[in-house]
Amino acid sequence: MNDFILSFENNFITDNRYLYLVQGLGTTLLITLFAAILGILLGFLVAIVRSTYDKTGKLKFVNAICNVYLTVIRGTPAMVQLLIMYYVIFASTSMSKIVVAILSFGINSGAYVAEIVRSGIMSIDNGQFEAGRSLGFSYPETMYYIIMPQAFKNVLPALANEFIVLLKETSICGYIGLMDLTRGGDIIRSRTYEAFMPLIAVAIIYLILVMIMTHFVKLLERRLRSSER
């Protein structure tokens, strides 16, 4: 027991080393939040383009660009994308590492959000489109007022799970020298030469965050099910 207490003090109390985890957690949550927002905006845009092409045959060129985007992003590792973004695309700029990480993870998440949302749109019966047109709505108005609210409701739990995945993916930010939660634990390890305490602490923090998000996803799913009755 004494050894555990001494190890705990050495890893987290001495020289206020716990602050590495606190600072890293703040960075992780900041990147996750803004990357999720970017992913939603980009994903919905791509989903609308692709579903419009599937249903009307319009936007052929833009749809082709979207297909290339989806193929490249979903076909390459997130870590490689982050490294390319930092060491190649923004290598000659002084852009903040946090902004680079947000762009990288947001673009990555957008590809998966796009397919989730598109599946939601395509799951809506074509009769809904016909009903909207019979009411005098244009195609954009039908999408905005009739289709998208139903599609969003259907895919909301899947979107929430995508953001849980996004939270965990940010653990690779240390590869560009960013002080995220995982990097904070690694710095403590390098100071104390003890791997167990800092790595377990990082794992527990991630686990708690995921459990909290999972809890809210379950509440959301129950609420959506009850609203359908």
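The values are calculated or read from the model by the stated rules, or taken from the named source; none is laboratory data. Please read all numbers here as calculations on a predicted model, not as lab measurements. Here Cβ is always computed from backbone atoms with ideal geometry, including for glycine, and neighbour counts include all displayed protein chains.
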Residue list for the range 81-135, filter: within 21 Å of LEU41 (Cα to Cα), of a type in the set (D, E, K, R) and over 15 Å from the mean Cα position of the chain (by Cα): ARG118
Can you list residue pairs whose Cβ atoms sit under 9 Å apart, with the first residue in the range 41-56 being closer than 10 Å to VAL113 by Cβ and surrounded by 18 or more Cβ atoms within 10 Å (Cβ to Cβ) and the second being small (Gly, Ala, Ser) and modelled with pLDDT under 90? Count only pairs 6 or more apart in sequence or on different chains. ALA47/SER119; ALA47/GLY120; ALA47/ALA151
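Could we say that GLU221 is over 13 Å from TYR20 (Cα atoms), touching a Pro at 6+ places or on another chain (Cβ under 6 Å) and part of a helix (DSSP H, G or I) here?
yes
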Looking only at the range 82-106, count every residue that is buried (at least 19 other Cβ atoms within 10 Å of the Cβ) and not small (Gly, Ala, Ser) and tell me the total. 7
Exactly one of these conditions fails for PHE105: (1) at pLDDT below 90; (2) touching a Ser or Thr at 6+ places or on another chain (Cβ under 7 Å); (3) over 30 Å from SER7 (Cβ atoms); (4) not β-branched (Val, Ile, Thr). Give me its number. (1)
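Condition test on VAL62, is it farther than 20 Å from ILE172 by Cβ and surrounded by 19 or more Cβ atoms within 10 Å (Cβ to Cβ)? Break it down stepwise before answering.
On the way: farther than 20 Å from ILE172 by Cβ: yes; surrounded by 19 or more Cβ atoms within 10 Å (Cβ to Cβ): no.
No.
Just the residues that are in contact with a Gly (Cβ under 8 Å, 6 or more places away or on another chain) and surrounded by fewer than 19 Cβ atoms within 10 Å (Cβ to Cβ), please, taken from the range 187-200.
If the condition is that a residue be in contact with a Gly (Cβ under 8 Å, 6 or more places away or on another chain) and surrounded by fewer than 19 Cβ atoms within 10 Å (Cβ to Cβ), then LEU199 is the only one that fits.
Restricting to helices (runs of 4 or more DSSP H) lying wholly in the range 111-217: which have 2 or more residues that are among the acidic types (Asp, Glu), at pLDDT 85 or above and closer than 22 Å to ILE31 by Cα?
Because the criterion is at least 2 residues that are among the acidic types (Asp, Glu), at pLDDT 85 or above and closer than 22 Å to ILE31 by Cα, the helices (runs of 4 or more DSSP H) in the range 111-217 that meet it are 148-169.
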Determine whether THR71 is surrounded by fewer than 19 Cβ atoms within 10 Å (Cβ to Cβ) and assigned to a helix (DSSP H, G or I). yes
Note on the range 29-68: residues among the basic types (Lys, Arg) and part of a helix (DSSP H, G or I) are ARG50, LYS55, LYS60
Among the candidates LEU159, LEU178, which residue alone is buried (at least 18 other Cβ atoms within 10 Å of the Cβ), in contact (Cβ under 8 Å) with a residue 60 or more places away in the chain and within 30 Å of LYS58 (Cβ to Cβ)? LEU159
